[in-house]
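Inspection log for the structure reproduced underneath, given as structure tokens.
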Amino acid sequence: MKVGTGGQGVVAHAGVVLPRLLADRIGLTAGLRAVVARRGFTPLRDRGRLLTDAVAALVAGASCLSDVEALTRQVELFGPGGGASDTTVLRGLDEFAGHLGDDGLPDRRLARMLARVRAVVWEQIVAGNQGALPAVTVAGQPLTHPTTGDDPEASAPVTVIRVDATIIEAATMKPGVAGHYKGGIGYHPLTAWCTNTGDHLVVMQRPGNAGSFTAADHVQVLDAALAQIPAEHRGDMLVTIDGAGASHAVIEQLTRWNTAKKHGRRGRRVEYSIGWPVDERTRAAVEQLPEHAWTVRLTAAGRAEPAEQVADLTGLLRHGPEGDRLDGWPDDLRVIVSRTPRGASEQAALGEDAAWRYGAFATNTTTGQIQWLDARHRTQAHVEDKIKELKAMGAEKLPTADQGRNAAWLQLAALAVTSTAWLRHLALDGELKLAEPKTLRFRLLNIPAKIVHHARSTILKIPDGWAWAEDLVNAWDRLQALHPS
């Protein structure tokens, strides 16, 4: 075998046509074009095309500006108007950043456009899922609530919003970079996700020293995330946050969202499950628990885990010897605690129990077994997988020294994660529908292909010997069948 250059009509990363076509079909390309358009200015490179091509490149594994330039330079795939130099990409980032606030959140025009596109996609997802949004699984069972219709057996999925922060490392000090709690320097963005579909709803760009417990940031992100949920899916929601969300402002905001009590079935039911600190107040209540109050915990699959237990602390915190230690919190707030045995070699910190590790969470759900509520809270860990996807699609490092451009890049990375989630729902089957980005790239997105021109058509020829060639063809056909938005 000899290796050389000069292959004609051959393209790399042929599967990138899928996220590119998806962006066109759902209206994302046209929407971005309209948002960044400026009166009296017609760019040489269409900005909607430029931004969605950058998103497609991030889906395929690009990690910097030169990667985007190299991929889009393939005129056979991206057309003569698709390729863009790194300086053109920078200009596109500047224009996109003009529609982001100082905190990196989209302005009203951009947010409304993204919400319209999301509504179109969710309508297609619901249509392909027997008329319902995909349900989140808790302890092996779908998370649903009974509906108020004539059928007493009918139920509908609960829309689950998850909020979490992450650290993005930086190599040097630049605008927006600061020291963070892990000892390095970088950024500390706050994100919100919808687990039902895998959508990235919103990301707030924050410096590395931004507080994990900053209630105002959590409230702002929650409000922005709610605006991204299509109206017909806001009636029954669950919001989960780790211990950083255990503040009066956050819980009171979610309590205000929960209007079902005042308006019945016309109101919005909003439940929450938020990490609760195991502080002096909580430990004092745990010490008063009789042993028979503990009950076995459930695994993620719904099986009993006798070595771990859960208990309800609400009664002791409300009516214990020291009075109401939840005074000032909403009346429907409950606190549930769990304990896990320490390993034989695990050393407890000063003041902690030598035999058990404790965790706790707060919820306003008044019904259901506490084992199930505990299992529901632990599905918050799902957000860690989505944050890994975000970093795998361009957010591992932010590429420039400009704060606005980095905020725009982070938003494009978030769109790449969301586009991949939509691609899974609308075009893929079987293992590919559940595949991690690395697997999806190897099997589908990064395969080579040959361009053939025949009968006034351009045909992308996938090698017959590639095991997932038919999957790519089927995915293309399904996206083509979508009604253009």
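The values are calculated or read from the model by the stated rules, or taken from the named source; none is laboratory data. Because the structure is a prediction, the values reported are computed rather than measured. For neighbour counting, all protein chains shown are included, and Cβ atoms are generated from backbone atoms with ideal geometry for every residue, glycine included.
Numbers at a glance
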read-out: All helices (runs of 4 or more DSSP H) inside region 224-313 with 3 or more residues being of a type outside the set (Lys, Arg); value: 248-257, 280-288
read-out: Members of region 343-377 that are in contact (Cβ under 8 Å) with a residue 12 or more places away in the chain and either among the aliphatic types (A, V, I, L, M) or loosely packed, with under 10 Cβ neighbours inside 10 Å (or both); value: Ala354, Ala355, Ala360, Ala362, Thr366, Ile370, Leu373, Ala375
read-out: Where Thr314 falls short, out of the listed (1) in contact (Cβ under 8 Å) with a residue 40 or more places away in the chain; (2) surrounded by 13 or more Cβ atoms within 10 Å (Cβ to Cβ); value: (1)
read-out: Matching residues in region 399-449 - criterion: being part of a loop (DSSP other than H, G, I, E, B), under 27 Å from Ala119 (Cα atoms), at pLDDT below 95 and of a type outside the set (D, E, K, R); value: Leu434, Ala435
read-out: Subset of region 44-64 (residues that are closer than 25 Å to Gly7 by Cα, assigned to a helix (DSSP H, G or I) and touching an Asp or Glu at 6+ places or on another chain (Cβ under 8 Å)); value: Ala57
read-out: Enumerated strands (runs of 3 or more DSSP E) restricted to region 129-186, each holding at least 1 residues that are crowded, with 20+ Cβ neighbours inside 10 Å; value: 159-165
read-out: Of all residues in region 450-481 being without any contact (Cβ under 8 Å) to a residue 24 or more places away in the chain and in a helix (DSSP H, G or I), the one that is surrounded by the most Cβ atoms within 10 Å (Cβ to Cβ); value: Ala469
read-out: Ala392 vs. criteria surrounded by fewer than 18 Cβ atoms within 10 Å (Cβ to Cβ) and among the small types (Gly, Ala, Ser); value: no
read-out: Members of region 56-73 found to be touching a Gly at 6+ places or on another chain (Cβ under 8 Å), under 25 Å from Trp422 (Cα atoms) and surrounded by fewer than 20 Cβ atoms within 10 Å (Cβ to Cβ), listed by number; value: Ser63, Asp67, Glu69
read-out: Options Asp332, Asp327; residue that is assigned to a loop (DSSP other than H, G, I, E, B) and under 22 Å from Leu238 (Cα atoms); value: Asp332
read-out: Selection count, region 354-368, where residues are over 23 Å from Asp332 (Cβ atoms), in contact with a strand residue (DSSP E or B) (Cβ under 8 Å, 6 or more places away or on another chain) and of a type in the set (A, V, I, L, M); value: 1
read-out: Those residues of region 196-223 which are among the hydroxyl-bearing types (Ser, Thr, Tyr) and either surrounded by fewer than 21 Cβ atoms within 10 Å (Cβ to Cβ) or part of a helix (DSSP H, G or I) (or both), in sequence order; value: Ser212, Thr214
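Conditions (1) closer than 30 Å to Ala210 by Cα; (2) of a type in the set (Val, Ile, Thr); (3) in the same structural domain as Val35 (by TED's automatic domain parsing), marked per residue:
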| position | (1), (2), (3) |
| --- | --- |
| Gly79 | no, no, yes |
| Ser85 | no, no, yes |
| Val89 | yes, yes, yes |
| Leu93 | yes, no, yes |
| His99 | yes, no, yes |
| Ala111 | yes, no, no |
| Ala115 | yes, no, no |
| Gln124 | no, no, no |
| Thr144 | no, yes, no |
